[in-house]
Amino acid sequence: LAEAAPTHLLVLVGLPGSGKSTVGRQLARRLGVAFIDSDQVIEQRIGCSIRAFFDREGEENFRDLEESVMDELTAAPEAAVLSTGGGAVLRPANRQCLHERGTVVYLRSSPEEVFRRIRHDKTRPLLQVANPLEQLRKLYAQRDPLYRETAHYVVETGRPSVATLVNMITMQL
Ligand code: S3P
């Protein structure tokens, strides 16, 4: 599997709050490559927060934009660590281009663990609901198979520190 996976691009997928940005930034530093956060790239393009865009334009328009940004970012030849939005795997085109163009690591967190981490975070549009834990459980049930389908490796985020996760991932490359 490691031989088959392209090596210049390391992609992190997983639920919102699974640590994609935190782990991704440290990984990029360790590997000496650029760190790219697809949500940040999208926010620069739209000139407002993803949350505001969701409210104004709706989820499908966000997904269209996300799909074109994902295609563009994964086509770049420079070595990088790419952290993706938690819903990027919903579109089959994204699952395919991430898997084919990068080495994809799924940071697997349980919905309960994610909830503990991000319960006070007001920037995540999909969690602005009456029962965020219930919402996370639904997202997990829907997306866990899609993260697995997209990924070359699965890393459990439950206990290890960020530094340990970075070590575990670099050892698998
Ligand atoms: C989303 C997750 C967000 C962001 C958008 C939609 C999702 O990214 O892309 O709000 O569908 O799970 P994070 O996973 O970085 O929070």
Would you say Q135 is more than 21 Å from L27 (Cα to Cα), modelled with pLDDT of 95 or more, within 14 Å of the ligand (Cβ to nearest atom) and more than 14 Å from the chain's Cα centre (by Cα)? no
Taking F54, is it within 20 Å of R143 (Cα to Cα), out of contact with any strand residue (DSSP E or B) (no Cβ under 6 Å at 6 or more places or on another chain) and at pLDDT below 95? yes
Of the residues R117, R124, R159, R148, which is more than 16 Å from P16 (Cβ to Cβ) and modelled with pLDDT under 95? R159
Restrict the check to segment 19-32 and report whether at least one residue is surrounded by 16 or more Cβ atoms within 10 Å (Cβ to Cβ) and part of a loop (DSSP other than H, G, I, E, B). yes
Looking at segment 54-75, which of the residues that are of a type outside the set (D, E) and touching a residue at least 24 places away in the same chain (Cβ under 8 Å) is nearest to the ligand (Cβ to nearest atom)? F54
Pairs with Cβ under 7 Å, 6+ apart, first in segment 126-151 and in contact (Cβ under 8 Å) with a residue 12 or more places away in the chain, second surrounded by fewer than 18 Cβ atoms within 10 Å (Cβ to Cβ) and of a type in the set (F, W, Y): none
Kindly provide the set of residues from segment 86-108 that are touching a helix residue (DSSP H, G or I) at 6+ places or on another chain (Cβ under 8 Å) and outside any helix (DSSP H, G or I), ordered by number. G86, G87, R91, G102, V104, V105, Y106, L107, R108
When E66 is run through (1) farther than 15 Å from D37 by Cβ; (2) in contact with a helix residue (DSSP H, G or I) (Cβ under 7 Å, 6 or more places away or on another chain); (3) assigned to a helix (DSSP H, G or I), the failure sits at (1)
Filter result for V154 (in contact with a strand residue (DSSP E or B) (Cβ under 6 Å, 6 or more places away or on another chain), away from the ligand (no atom under 16 Å from the Cβ) and either over 19 Å from H8 (Cα atoms) or not in a helix (DSSP H, G or I) (or both)): yes
Go through V81, V155, V89 for me and flag whichever is touching a Gly at 6+ places or on another chain (Cβ under 8 Å) and closer than 22 Å to D39 by Cα. V81
Confirm whether L82 is in a helix (DSSP H, G or I), crowded, with 16+ Cβ neighbours inside 10 Å and either touching a residue at least 12 places away in the same chain (Cβ under 8 Å) or touching a Lys or Arg at 6+ places or on another chain (Cβ under 8 Å) (or both). no
Of the listed residues (I42, I46), the one being on the phi < 0 side of the Ramachandran plot, modelled with pLDDT of 95 or more and either near the ligand (Cβ under 10 Å from one of its atoms) or hydroxyl-bearing (S, T, Y) (or both) is I42
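The values are calculated or read from the model by the stated rules, or taken from the named source; none is laboratory data. Bear in mind that the values here come from a model prediction, so they are computed numbers and not experimental data. Because the Cβ atoms are built from the backbone with ideal geometry, glycine has one as well, and the counts that use them run over all protein chains shown.
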